[in-house]
Each structure stands twice: as C-alpha cells, then as structure tokens.
Amino acid sequence: MAAKHSRTRIFSSPAGIVATAAVGVALAVGGTVGAVQLASGSDQSGQTALDLTPTTVASSLTPSSPAPSASASPSVTASPSATRSQQAASRGKERTSSPKPKPKPTAKKTTAAAKVLESGSCGASFYSDGQLTANGESFNPDALTAAHKTLPFNTKVRVTNPANGKSVTVRINDRGPFIDGRCLDLSRAAFATIASVDVGALTVRYEVLG
C-alpha cells in the first residue's frame, strides 16, 4: 500500500483571500504582521489550517499617531471673598451727636481816629432859615451841617461845648457867620446837640478833622 504524501498549498479561493486579508488587517492594527500559511488538512475542503509566525514590524512602517489628549476643562477659580477690615474701637461705642462748631468771633472793625489838622476856640451860633447853601444844596436845619468863612466845602469839624463836654461833628456846606468873634454858624440840629437853642451863641472848641 503506497503511502500518501500531504502537501501544503495556498488557497486561491475567494474565501481564503478574504480570510487572509482579515488576518492581515488584524495583525497590522495590533502592531505585528504574521505570515499566514494556510494548510489543508486532509482532503476536506471546509477545513483550513493557519500557521501564524508573528514577526516584528519596524516602527517606521506603522507610525503610531499620538492619541488625542483630552483638553482639560478650564477650572473655575473662586472669586476672593470680601473681607471686612476690623472696625476701629470707637465704632463700637455709643454714638452721640457731634458738637456743633462754635462760631468764630468776628473781629470788630475799629474806626481809626480822625487826624486833627487844626484846632482852636471861637464863638458859635446857629441858624434855621435859608433857601440854598453856598455850595448849592438846599438848606436843611435838621442836618448836621455848619457854615465857615474859609474852610473847604465838605470839611468835617468836631465842635465841643467845654461847659458840658458834649460834641458834634458837622460838615461845612455854607459860608458865614459874618459877625466878629464867631467862626462857626451851626444848623439848628447841630447846635441843639451840644447846648440849648435858647442860649443863642456860646464859645466852643473846634477841631478840623482830616
């Protein structure tokens, strides 16, 4: 009885080609490539023998793409909590109404003493009738005015009664008197300030003010 020799052959059937391609893809994905040897066992067409001899594939043939790294979601930073500064000790005390500032004392305006340009004594009288004064004003017997022979108009003269110490300051707006011994003719109101109008005339002390 002659012995039968088995031999290995590569299937060229479509089913074998599909199986070989599937195994090749699986080996490529896993990083290795194996030689696939398909061997037939006995004469049965439905059985297939696979001879896998894995070989290492150079890393240059299957470059591994870097795995996409999951981007970390931005972390939410907590906003800094507001801190209250420690209150001053006085804030804890009982609050009282603040005292009102005292008004500053106002300095009183002091009138500088008028400068005396000329002084002397003479007789003075008064008059209460007249239409116009020498400077053109309407005569007013109730105004503190006086007549003088030579002093400029609007000159201020302080007239004092030596008998009682009373004085009055008059403004020169007229000319007179034209009686010897008299240098001033006062209005009725001015004369009444220092003496009684019943006297009619008296000796006074005068001071011409600057």
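Count the net charge of all other residues whose Cβ sits under 13 Å from the Cβ of R175, scoring Lys and Arg as +1 and Asp and Glu as -1. Working shown, then result.
Details: positive: K149, R182; negative: E137, D174, D185.
Taking every Cβ under 13 Å from that of R175, the sum is -1.
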| task | Mind grabbing the accessible area of K156 for me, 1.4 Å probe, Å², rounded to tens? | result | 100 Å²
| query | For A163 and R188, what does the FRET efficiency come to when R0 = 30 Å and r is the distance between their Cβ atoms, rounded to the nearest 0.05? | reply | 0.95
| Roughly speaking, what is the stretch gain from K104 to K156, that is 0.36 nm per residue apart minus the C-alpha to C-alpha distance, in nm to one decimal? | 15.1 nm
| remark: Per the rule of 0.36 nm per residue minus the C-alpha distance, extending L202 to A112 adds in nm 29.4 nm
| request: Beta carbons within 10 angstrom, averaged per residue: use that to sort the peptides 146-152, 134-140, 115-121, 167-173, highest first. | output: 167-173, 146-152, 134-140, 115-121
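The values are calculated or read from the model by the stated rules, or taken from the named source; none is laboratory data. On a predicted model such as this, the values are computed, not experimentally measured, just so you know. Methodologically, a virtual Cβ is constructed for each residue, glycine included, from the backbone with ideal geometry; neighbour enumeration extends over all protein chains shown. Side chains included, ligands, DNA and RNA excluded: accessible areas come from the protein's heavy atoms. Shrake-Rupley method; radii C 1.70, N 1.55, O 1.52, S 1.80 Å.
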